[in-house]
1. Condition test on Thr114, is it part of a helix (DSSP H, G or I) and in contact with an Asp or Glu (Cβ under 7 Å, 6 or more places away or on another chain)?
2. Among the numbered criteria (1) under 15 Å from the mean Cα position of the chain (by Cα); (2) under 19 Å from Thr40 (Cβ atoms); (3) free of Cβ contacts under 8 Å to residues at least 40 places away in the same chain, which single criterion is violated by Ala74?
3. Say whether the condition of being open to solvent by less than 10 Å² (accessible area, probe 1.4 Å) and on the phi > 0 side of the Ramachandran plot is met by at least one residue in segment 130-137.
4. Could you go through segment 30-44 and let me know if any residue there is of a type in the set (Gly, Ala, Ser), surrounded by 15 or more Cβ atoms within 10 Å (Cβ to Cβ), under 22 Å from Leu135 (Cβ atoms) and modelled with pLDDT under 95.
5. Which of the residues that make up segment 117-147 are under 28 Å from Leu30 (Cβ atoms) and not in a helix (DSSP H, G or I)?
6. When residues of segment 100-114 are filtered for being touching a helix residue (DSSP H, G or I) at 6+ places or on another chain (Cβ under 9 Å) and surrounded by fewer than 23 Cβ atoms within 10 Å (Cβ to Cβ), how many remain?
7. Please state which one of Arg150, Arg93 is in a helix (DSSP H, G or I) and open to solvent by 40 Å² or more (accessible area, probe 1.4 Å).
Amino acid sequence: MAPDHSEGAVRAEHGTAAGSTDAARPRRRLASGPGRLLVTLYGIFTVGAASRSLVQLTTRFDEAPLAYVLSAVAALVYAFITVSLVRGGEGARRAALVCCCVELLGVLAVGTWTLVEPDAFPDATVWSDYGMGYLFIPVLLPLTGLWWLRREHA
(Lines give C-alpha, C1' and ligand atoms only; values in the text may rest on other atoms or scores of the structure.)
Protein backbone atom coordinates (compact mmCIF):
# COMPACT_ATOMS: atom_id res chain seq x y z
CA MET A 1 0.00 0.00 0.00
CA ALA A 2 1.35 3.45 -0.93
CA PRO A 3 2.15 5.91 1.87
CA ASP A 4 -0.44 8.64 2.47
CA HIS A 5 1.15 12.04 1.68
CA SER A 6 -1.97 14.09 2.21
CA GLU A 7 -1.69 17.25 4.32
CA GLY A 8 -3.55 15.70 7.26
CA ALA A 9 -1.37 12.60 7.25
CA VAL A 10 1.83 14.68 7.20
CA ARG A 11 0.58 16.82 10.12
CA ALA A 12 -0.41 13.74 12.07
CA GLU A 13 3.02 12.22 11.47
CA HIS A 14 4.72 15.37 12.80
CA GLY A 15 2.31 15.76 15.74
CA THR A 16 0.52 18.92 14.61
CA ALA A 17 -3.19 19.30 14.22
CA ALA A 18 -4.89 20.67 11.12
CA GLY A 19 -5.14 24.43 11.39
CA SER A 20 -2.35 24.63 13.97
CA THR A 21 -0.12 27.70 13.74
CA ASP A 22 2.83 25.77 15.24
CA ALA A 23 3.65 24.24 11.86
CA ALA A 24 3.43 27.63 10.15
CA ARG A 25 5.60 29.44 12.70
CA PRO A 26 8.57 27.48 14.05
CA ARG A 27 9.61 28.31 17.61
CA ARG A 28 13.04 29.79 18.17
CA ARG A 29 15.30 28.42 20.87
CA LEU A 30 15.42 30.48 24.05
CA ALA A 31 19.21 30.79 23.78
CA SER A 32 19.20 32.10 20.21
CA GLY A 33 19.58 35.71 19.12
CA PRO A 34 19.35 38.06 22.11
CA GLY A 35 18.86 34.97 24.27
CA ARG A 36 22.56 34.20 23.78
CA LEU A 37 23.48 37.46 25.47
CA LEU A 38 21.11 36.64 28.33
CA VAL A 39 22.67 33.19 28.72
CA THR A 40 26.13 34.76 28.74
CA LEU A 41 25.22 37.42 31.31
CA TYR A 42 23.37 34.95 33.53
CA GLY A 43 26.35 32.58 33.27
CA ILE A 44 28.77 35.33 34.26
CA PHE A 45 26.57 36.38 37.17
CA THR A 46 26.20 32.75 38.26
CA VAL A 47 29.96 32.29 38.47
CA GLY A 48 30.54 35.71 40.01
CA ALA A 49 27.83 35.49 42.67
CA ALA A 50 28.60 31.84 43.48
CA SER A 51 32.34 32.32 43.85
CA ARG A 52 31.96 35.54 45.82
CA SER A 53 29.38 34.06 48.21
CA LEU A 54 31.36 30.83 48.61
CA VAL A 55 34.46 32.75 49.68
CA GLN A 56 32.44 35.03 51.95
CA LEU A 57 30.45 32.20 53.54
CA THR A 58 33.56 30.14 54.24
CA THR A 59 35.90 32.89 55.40
CA ARG A 60 33.80 35.78 56.80
CA PHE A 61 30.37 34.38 57.61
CA ASP A 62 30.21 36.12 61.00
CA GLU A 63 30.64 39.58 59.44
CA ALA A 64 27.44 39.65 57.36
CA PRO A 65 25.65 36.29 57.24
CA LEU A 66 22.43 37.67 55.74
CA ALA A 67 24.22 39.40 52.89
CA TYR A 68 26.35 36.36 52.09
CA VAL A 69 23.41 33.94 52.17
CA LEU A 70 21.40 36.26 49.92
CA SER A 71 24.29 36.37 47.45
CA ALA A 72 24.32 32.56 47.44
CA VAL A 73 20.56 32.53 46.80
CA ALA A 74 21.08 34.96 43.92
CA ALA A 75 23.73 32.63 42.48
CA LEU A 76 21.31 29.69 42.62
CA VAL A 77 18.59 31.70 40.89
CA TYR A 78 21.05 32.83 38.21
CA ALA A 79 22.22 29.25 37.68
CA PHE A 80 18.68 27.93 37.36
CA ILE A 81 17.77 30.60 34.80
CA THR A 82 20.98 29.93 32.84
CA VAL A 83 20.26 26.21 32.64
CA SER A 84 16.62 26.82 31.73
CA LEU A 85 17.55 29.18 28.90
CA VAL A 86 20.10 26.73 27.52
CA ARG A 87 17.78 23.74 27.87
CA GLY A 88 14.87 25.41 26.09
CA GLY A 89 11.44 23.96 25.63
CA GLU A 90 8.13 25.04 27.09
CA GLY A 91 8.73 23.63 30.58
CA ALA A 92 12.12 25.31 30.84
CA ARG A 93 10.66 28.56 29.51
CA ARG A 94 7.96 28.54 32.19
CA ALA A 95 10.51 27.70 34.92
CA ALA A 96 12.79 30.52 33.74
CA LEU A 97 9.82 32.89 33.68
CA VAL A 98 8.97 32.06 37.31
CA CYS A 99 12.64 32.40 38.34
CA CYS A 100 12.96 35.77 36.60
CA CYS A 101 9.91 36.94 38.58
CA VAL A 102 11.50 35.65 41.81
CA GLU A 103 14.77 37.32 40.86
CA LEU A 104 13.05 40.66 40.16
CA LEU A 105 11.15 40.48 43.45
CA GLY A 106 14.43 39.64 45.23
CA VAL A 107 16.28 42.56 43.66
CA LEU A 108 13.46 44.96 44.49
CA ALA A 109 13.03 43.65 48.04
CA VAL A 110 16.74 43.51 48.90
CA GLY A 111 17.42 46.78 47.08
CA THR A 112 14.72 48.55 49.07
CA TRP A 113 15.76 46.85 52.31
CA THR A 114 19.37 47.97 51.89
CA LEU A 115 18.24 51.57 51.41
CA VAL A 116 15.71 51.57 54.26
CA GLU A 117 17.80 49.65 56.79
CA PRO A 118 21.47 49.79 55.72
CA ASP A 119 22.65 48.52 59.12
CA ALA A 120 21.11 45.12 58.33
CA PHE A 121 23.74 44.72 55.60
CA PRO A 122 27.29 45.36 56.85
CA ASP A 123 28.48 44.06 53.48
CA ALA A 124 26.80 44.33 50.09
CA THR A 125 24.94 41.59 48.25
CA VAL A 126 24.60 41.25 44.49
CA TRP A 127 21.13 42.78 44.86
CA SER A 128 22.06 45.61 47.29
CA ASP A 129 20.91 49.05 46.17
CA TYR A 130 19.20 47.40 43.19
CA GLY A 131 22.54 46.12 41.92
CA MET A 132 24.26 49.50 41.89
CA GLY A 133 27.63 47.85 42.55
CA TYR A 134 27.13 45.87 39.34
CA LEU A 135 25.99 48.79 37.14
CA PHE A 136 22.33 47.92 37.88
CA ILE A 137 22.63 44.79 35.75
CA PRO A 138 20.96 42.71 38.51
CA VAL A 139 17.74 44.72 38.12
CA LEU A 140 17.97 44.89 34.32
CA LEU A 141 18.59 41.14 33.85
CA PRO A 142 15.22 39.91 35.12
CA LEU A 143 13.38 42.65 33.24
CA THR A 144 15.17 41.69 30.04
CA GLY A 145 14.68 38.01 30.77
CA LEU A 146 10.95 38.48 31.32
CA TRP A 147 10.68 40.46 28.10
CA TRP A 148 12.58 37.78 26.14
CA LEU A 149 10.65 34.88 27.60
CA ARG A 150 7.28 36.57 27.03
CA ARG A 151 8.29 37.59 23.50
CA GLU A 152 9.27 34.04 22.64
CA HIS A 153 5.93 32.74 23.89
CA ALA A 154 3.80 35.23 21.95
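1. Working: part of a helix (DSSP H, G or I): yes; in contact with an Asp or Glu (Cβ under 7 Å, 6 or more places away or on another chain): yes.
When the stated conditions are applied, Thr114 passes them.
2. Looking at each condition in turn, Ala74 falls short on (3).
3. First, the residues of segment 130-137 that are open to solvent by less than 10 Å² (accessible area, probe 1.4 Å): 131.
Restricting the remaining residues to those that are on the phi > 0 side of the Ramachandran plot gives 131.
Yes: one or more hits.
4. Within segment 30-44, the subset of a type in the set (Gly, Ala, Ser) is 31-33, 35, 43.
Next, from what is left, pick out any that are surrounded by 15 or more Cβ atoms within 10 Å (Cβ to Cβ): 31, 35, 43.
The next check asks that each one be under 22 Å from Leu135 (Cβ atoms); those that pass are 35, 43.
Subsequent filtering for residues that are modelled with pLDDT under 95 retains 35.
Checked segment 30-44: at least one residue is of a type in the set (Gly, Ala, Ser), surrounded by 15 or more Cβ atoms within 10 Å (Cβ to Cβ), under 22 Å from Leu135 (Cβ atoms) and modelled with pLDDT under 95.
5. Answer for segment 117-147, where residues must be under 28 Å from Leu30 (Cβ atoms) and not in a helix (DSSP H, G or I): Thr125, Val126, Trp127, Leu135, Phe136.
6. The initial filter retains those residues of segment 100-114 that are touching a helix residue (DSSP H, G or I) at 6+ places or on another chain (Cβ under 9 Å), namely 100-108, 110-114.
Then drop every residue that is not surrounded by fewer than 23 Cβ atoms within 10 Å (Cβ to Cβ), which leaves 101-102, 104-106, 108, 111-114.
Number of matching residues: 10.
7. Values: Arg93 fails: open to solvent by 40 Å² or more (accessible area, probe 1.4 Å).
Criteria check complete, one pass: Arg150.
The values are calculated or read from the model by the stated rules, or taken from the named source; none is laboratory data. Keep in mind that this is a model prediction, so the values were computed, not measured. FYI the Cβ positions are ideal-geometry reconstructions off the backbone, even for glycines, and counts take in every protein chain you see. Note: areas computed on protein heavy atoms with side chains; ligands, DNA, RNA excluded. Shrake-Rupley method; radii C 1.70, N 1.55, O 1.52, S 1.80 Å.
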